[in-house]
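J.: What follows is a structure written as C-alpha coordinates; I'll ask about it next.
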Amino acid sequence: MHAYAMKVGIAAVLAAWSCSIAALPLAPAGAGGDDPQASSLEEAANMPCPPGLERFVPGVYYYCVGARDLARHNDGRGREMLELAAAWGSKPAQLTLGVGYFKGDAMPLNRPLGLAWLGLAAERRDPAYVAIFKSAWDKAGPEEQARAQALWQSMRPKYGDEHAAHRAERRYRHERWELVRNEIYGARACIAGINVGQVVRSEGVGGPDCIGSSSVTLAAKKIDVYADSLFDGWSGHVSVGQLEPVTPAK
(Lines give C-alpha, C1' and ligand atoms only; values in the text may rest on other atoms or scores of the structure.)
Protein backbone atom coordinates (compact mmCIF):
# COMPACT_ATOMS: atom_id res chain seq x y z
CA MET A 1 0.00 0.00 0.00
CA HIS A 2 1.16 3.54 -0.63
CA ALA A 3 -0.13 7.06 -1.16
CA TYR A 4 -3.09 6.12 -3.35
CA ALA A 5 -4.42 3.60 -0.83
CA MET A 6 -7.63 5.51 -0.14
CA LYS A 7 -8.53 5.60 -3.84
CA VAL A 8 -9.87 2.08 -3.36
CA GLY A 9 -13.33 1.43 -2.00
CA ILE A 10 -15.46 -1.32 -0.52
CA ALA A 11 -15.30 -3.47 -3.65
CA ALA A 12 -11.51 -3.66 -3.44
CA VAL A 13 -11.62 -4.42 0.30
CA LEU A 14 -14.11 -7.25 -0.25
CA ALA A 15 -12.10 -8.57 -3.18
CA ALA A 16 -8.99 -8.69 -0.99
CA TRP A 17 -10.96 -10.52 1.71
CA SER A 18 -12.30 -13.03 -0.78
CA CYS A 19 -8.78 -13.77 -1.98
CA SER A 20 -7.37 -14.09 1.54
CA ILE A 21 -10.12 -16.41 2.75
CA ALA A 22 -9.21 -18.81 -0.05
CA ALA A 23 -6.36 -19.95 2.21
CA LEU A 24 -8.78 -20.98 4.97
CA PRO A 25 -10.61 -24.32 5.21
CA LEU A 26 -13.86 -24.73 3.32
CA ALA A 27 -13.27 -21.94 0.81
CA PRO A 28 -15.25 -22.73 -2.36
CA ALA A 29 -13.46 -24.25 -5.30
CA GLY A 30 -12.00 -21.60 -7.56
CA ALA A 31 -11.54 -18.92 -4.88
CA GLY A 32 -8.53 -16.78 -5.65
CA GLY A 33 -8.35 -18.02 -9.25
CA ASP A 34 -6.50 -16.70 -12.29
CA ASP A 35 -8.30 -13.33 -12.29
CA PRO A 36 -9.01 -12.57 -8.61
CA GLN A 37 -9.91 -8.90 -9.10
CA ALA A 38 -12.55 -9.72 -11.69
CA SER A 39 -14.13 -12.61 -9.82
CA SER A 40 -13.56 -11.91 -6.13
CA LEU A 41 -16.55 -9.64 -5.58
CA GLU A 42 -18.87 -12.28 -7.00
CA GLU A 43 -17.14 -14.89 -4.87
CA ALA A 44 -17.60 -12.69 -1.79
CA ALA A 45 -21.33 -12.50 -2.52
CA ASN A 46 -21.49 -16.31 -2.59
CA MET A 47 -18.98 -17.08 0.14
CA PRO A 48 -20.18 -19.74 2.60
CA CYS A 49 -20.09 -18.50 6.19
CA PRO A 50 -19.91 -21.61 8.41
CA PRO A 51 -22.58 -21.09 11.09
CA GLY A 52 -20.63 -23.26 13.52
CA LEU A 53 -17.99 -20.53 13.74
CA GLU A 54 -20.35 -18.22 15.62
CA ARG A 55 -19.93 -20.29 18.78
CA PHE A 56 -16.12 -20.19 18.74
CA VAL A 57 -14.99 -17.09 16.82
CA PRO A 58 -17.97 -14.75 16.33
CA GLY A 59 -15.64 -12.07 14.96
CA VAL A 60 -14.82 -14.28 11.98
CA TYR A 61 -18.40 -15.41 11.46
CA TYR A 62 -20.03 -11.97 11.66
CA TYR A 63 -17.39 -10.46 9.39
CA CYS A 64 -18.03 -13.13 6.79
CA VAL A 65 -21.79 -12.49 6.93
CA GLY A 66 -21.33 -8.71 6.88
CA ALA A 67 -18.90 -8.75 3.98
CA ARG A 68 -21.15 -11.10 2.07
CA ASP A 69 -24.13 -8.80 2.69
CA LEU A 70 -22.20 -5.79 1.38
CA ALA A 71 -21.21 -7.74 -1.72
CA ARG A 72 -24.93 -8.48 -2.20
CA HIS A 73 -25.74 -4.76 -1.70
CA ASN A 74 -27.59 -5.44 1.54
CA ASP A 75 -25.78 -2.48 3.06
CA GLY A 76 -27.78 -1.92 6.24
CA ARG A 77 -27.51 -5.48 7.50
CA GLY A 78 -23.92 -5.62 6.31
CA ARG A 79 -22.98 -2.66 8.52
CA GLU A 80 -24.73 -4.23 11.51
CA MET A 81 -22.85 -7.49 11.06
CA LEU A 82 -19.53 -5.68 10.62
CA GLU A 83 -20.06 -3.74 13.84
CA LEU A 84 -20.78 -7.00 15.67
CA ALA A 85 -17.60 -8.48 14.22
CA ALA A 86 -15.62 -5.38 15.18
CA ALA A 87 -16.74 -5.78 18.79
CA TRP A 88 -15.35 -9.33 18.70
CA GLY A 89 -11.89 -8.16 17.61
CA SER A 90 -12.16 -8.40 13.81
CA LYS A 91 -9.65 -5.99 12.28
CA PRO A 92 -10.90 -6.67 8.72
CA ALA A 93 -14.37 -5.58 9.88
CA GLN A 94 -12.96 -2.38 11.34
CA LEU A 95 -11.02 -1.72 8.15
CA THR A 96 -14.10 -2.27 6.00
CA LEU A 97 -16.16 0.09 8.15
CA GLY A 98 -13.37 2.65 8.00
CA VAL A 99 -13.07 2.59 4.23
CA GLY A 100 -16.86 2.60 3.84
CA TYR A 101 -17.50 5.62 6.05
CA PHE A 102 -14.46 7.58 4.86
CA LYS A 103 -15.42 7.09 1.22
CA GLY A 104 -19.19 7.11 1.63
CA ASP A 105 -19.16 3.72 -0.09
CA ALA A 106 -21.98 1.38 1.03
CA MET A 107 -22.23 3.57 4.14
CA PRO A 108 -23.18 7.20 4.86
CA LEU A 109 -20.25 9.54 4.24
CA ASN A 110 -18.65 10.32 7.60
CA ARG A 111 -14.93 10.92 7.27
CA PRO A 112 -14.16 11.40 10.99
CA LEU A 113 -15.96 8.15 11.84
CA GLY A 114 -14.12 6.42 9.01
CA LEU A 115 -10.80 7.65 10.38
CA ALA A 116 -11.69 6.39 13.85
CA TRP A 117 -12.47 2.93 12.49
CA LEU A 118 -9.26 2.93 10.43
CA GLY A 119 -7.26 3.89 13.51
CA LEU A 120 -8.74 0.97 15.42
CA ALA A 121 -8.05 -1.38 12.51
CA ALA A 122 -4.40 -0.30 12.41
CA GLU A 123 -3.61 -0.80 16.10
CA ARG A 124 -1.83 -4.12 15.48
CA ARG A 125 0.55 -2.32 13.12
CA ASP A 126 -0.25 -4.38 10.07
CA PRO A 127 1.70 -2.50 7.35
CA ALA A 128 -1.19 -2.45 4.88
CA TYR A 129 -3.70 -1.23 7.47
CA VAL A 130 -1.30 1.42 8.75
CA ALA A 131 -0.72 2.65 5.19
CA ILE A 132 -4.45 2.95 4.55
CA PHE A 133 -4.98 4.82 7.82
CA LYS A 134 -2.08 7.21 7.13
CA SER A 135 -3.29 7.87 3.59
CA ALA A 136 -6.77 8.75 4.88
CA TRP A 137 -5.43 10.82 7.79
CA ASP A 138 -3.28 12.90 5.45
CA LYS A 139 -6.33 13.68 3.34
CA ALA A 140 -8.37 14.95 6.32
CA GLY A 141 -8.51 18.51 7.55
CA PRO A 142 -7.68 19.60 11.12
CA GLU A 143 -11.34 19.63 12.20
CA GLU A 144 -11.92 16.16 10.81
CA GLN A 145 -8.80 14.89 12.54
CA ALA A 146 -9.86 16.38 15.87
CA ARG A 147 -13.32 14.85 15.58
CA ALA A 148 -11.81 11.51 14.58
CA GLN A 149 -9.54 11.60 17.62
CA ALA A 150 -12.52 12.12 19.93
CA LEU A 151 -14.49 9.33 18.27
CA TRP A 152 -11.52 6.96 18.44
CA GLN A 153 -11.15 7.61 22.16
CA SER A 154 -14.85 6.93 22.76
CA MET A 155 -14.80 3.73 20.66
CA ARG A 156 -11.64 2.17 22.09
CA PRO A 157 -13.26 0.75 25.26
CA LYS A 158 -15.60 -1.38 23.14
CA TYR A 159 -13.71 -2.02 19.92
CA GLY A 160 -10.02 -1.74 20.85
CA ASP A 161 -7.97 -4.90 21.37
CA GLU A 162 -7.68 -4.30 25.09
CA HIS A 163 -11.35 -5.22 25.37
CA ALA A 164 -12.54 -6.75 22.08
CA ALA A 165 -9.63 -9.11 21.44
CA HIS A 166 -9.45 -10.25 25.05
CA ARG A 167 -13.21 -10.84 25.01
CA ALA A 168 -12.92 -12.82 21.78
CA GLU A 169 -10.07 -14.96 23.06
CA ARG A 170 -11.90 -15.77 26.29
CA ARG A 171 -14.87 -16.92 24.21
CA TYR A 172 -12.68 -18.99 21.90
CA ARG A 173 -10.69 -20.64 24.66
CA HIS A 174 -13.79 -21.47 26.71
CA GLU A 175 -15.75 -22.95 23.80
CA ARG A 176 -12.73 -24.84 22.51
CA TRP A 177 -12.18 -26.33 25.94
CA GLU A 178 -15.82 -27.41 26.07
CA LEU A 179 -15.37 -29.04 22.66
CA VAL A 180 -12.21 -31.06 23.41
CA ARG A 181 -12.59 -31.79 27.11
CA ASN A 182 -13.66 -35.39 26.42
CA GLU A 183 -11.30 -36.08 23.52
CA ILE A 184 -9.47 -38.80 25.49
CA TYR A 185 -12.73 -40.75 25.46
CA GLY A 186 -12.99 -40.55 21.68
CA ALA A 187 -15.59 -37.78 21.68
CA ARG A 188 -17.00 -36.72 18.32
CA ALA A 189 -18.82 -33.59 17.20
CA CYS A 190 -20.80 -32.08 14.36
CA ILE A 191 -20.14 -28.38 13.76
CA ALA A 192 -22.13 -26.88 10.91
CA GLY A 193 -19.91 -25.73 8.08
CA ILE A 194 -16.75 -26.98 9.77
CA ASN A 195 -16.85 -30.75 9.56
CA VAL A 196 -20.36 -31.16 8.11
CA GLY A 197 -22.25 -29.02 5.65
CA GLN A 198 -25.36 -29.07 7.82
CA VAL A 199 -26.11 -30.59 11.20
CA VAL A 200 -28.75 -33.29 10.74
CA ARG A 201 -30.35 -34.96 13.74
CA SER A 202 -31.23 -38.65 13.89
CA GLU A 203 -33.38 -40.16 16.60
CA GLY A 204 -31.45 -43.23 17.67
CA VAL A 205 -30.75 -45.09 20.85
CA GLY A 206 -29.79 -42.58 23.51
CA GLY A 207 -31.58 -39.67 21.91
CA PRO A 208 -30.67 -37.18 19.16
CA ASP A 209 -27.25 -37.40 17.58
CA CYS A 210 -25.65 -35.85 14.52
CA ILE A 211 -24.70 -37.56 11.30
CA GLY A 212 -21.28 -37.06 9.71
CA SER A 213 -19.38 -36.25 12.88
CA SER A 214 -15.60 -36.18 13.21
CA SER A 215 -13.28 -36.39 16.18
CA VAL A 216 -13.32 -33.30 18.38
CA THR A 217 -9.56 -33.05 17.85
CA LEU A 218 -9.95 -32.70 14.10
CA ALA A 219 -12.82 -30.23 14.49
CA ALA A 220 -10.79 -28.13 16.93
CA LYS A 221 -7.84 -27.99 14.56
CA LYS A 222 -10.07 -26.61 11.83
CA ILE A 223 -11.45 -23.96 14.15
CA ASP A 224 -7.93 -23.04 15.24
CA VAL A 225 -7.14 -21.89 11.69
CA TYR A 226 -9.95 -19.35 11.84
CA ALA A 227 -8.91 -18.24 15.33
CA ASP A 228 -5.36 -17.68 14.13
CA SER A 229 -6.67 -15.39 11.40
CA LEU A 230 -8.79 -13.44 13.91
CA PHE A 231 -5.92 -12.88 16.34
CA ASP A 232 -3.19 -12.40 13.73
CA GLY A 233 -0.83 -9.64 14.83
CA TRP A 234 -2.26 -9.29 18.33
CA SER A 235 0.55 -9.46 20.86
CA GLY A 236 -1.82 -10.56 23.62
CA HIS A 237 -2.82 -13.80 21.86
CA VAL A 238 -1.47 -17.03 23.31
CA SER A 239 -1.45 -20.02 20.98
CA VAL A 240 -3.50 -22.93 22.22
CA GLY A 241 -1.74 -25.75 24.00
CA GLN A 242 -2.96 -27.31 27.20
CA LEU A 243 -6.15 -25.36 27.71
CA GLU A 244 -7.76 -24.77 31.07
CA PRO A 245 -11.44 -23.96 31.62
CA VAL A 246 -12.11 -20.23 31.51
CA THR A 247 -15.15 -18.08 32.08
CA PRO A 248 -17.07 -17.59 28.82
CA ALA A 249 -17.34 -14.11 27.33
CA LYS A 250 -20.84 -12.85 26.62
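J.: How much accessible area per residue does the stretch 123-189 have, counting only protein heavy atoms and a probe of 1.4 Å, in square angstrom?
T.: With all protein chains present, the stretch 123-189 gives 61 Å² per residue.
J.: Where the centroid of each part is defined by its Cα atoms, how far is the stretch 215-234 from the stretch 103-166 in Å?
T.: Value for the Cα centre distance between the two parts: 28 Å.
J.: Order 57-64, 171-178, 105-112 from most to least packed using the mean count of other Cβ atoms within 10 Å.
T.: The packing order, highest mean first, is 57-64, 171-178, 105-112.
J.: Among the listed pairs Lys91/Lys221; Lys134/Lys158; Lys103/Lys222; Lys134/Lys222, give every one whose C-alpha distance is greater than 29 Å.
T.: In this structure, Lys103/Lys222; Lys134/Lys222 lie more than 29 Å apart at Cα.
J.: If you don't mind, another one. Net charge near Lys222, counting Lys/Arg +1 and Asp/Glu -1 over other residues with Cβ under 12 Å of its Cβ?
T.: Counting the neighbours of Lys222, the net charge comes to 0.
J.: For the ranges 76-89, 215-228, 141-154, what's the packing order if you count other beta-carbon atoms within 10 Å of each residue, average per peptide, and put the highest first?
T.: The densest-packed peptide leads the list: 76-89, 215-228, 141-154.
J.: Let me ask something else. Tabulate in residue order the Karplus-calculated ³J(HN,Hα) for the stretch 134-139, using 6.51 cos²θ - 1.76 cosθ + 1.60 with θ = phi - 60°, rounded to whole Hz; enter x for Gly and Pro.
T.: 5, 4, 5, 4, 5, 8
The values are calculated or read from the model by the stated rules, or taken from the named source; none is laboratory data. Here the structure is a predicted model, which is why all the values come from computation and not from measurement. FYI the Cβ positions are ideal-geometry reconstructions off the backbone, even for glycines, and counts take in every protein chain you see. These area figures cover heavy atoms from the full protein model, side chains too; ligands, DNA and RNA do not enter into them. Shrake-Rupley method; radii C 1.70, N 1.55, O 1.52, S 1.80 Å.
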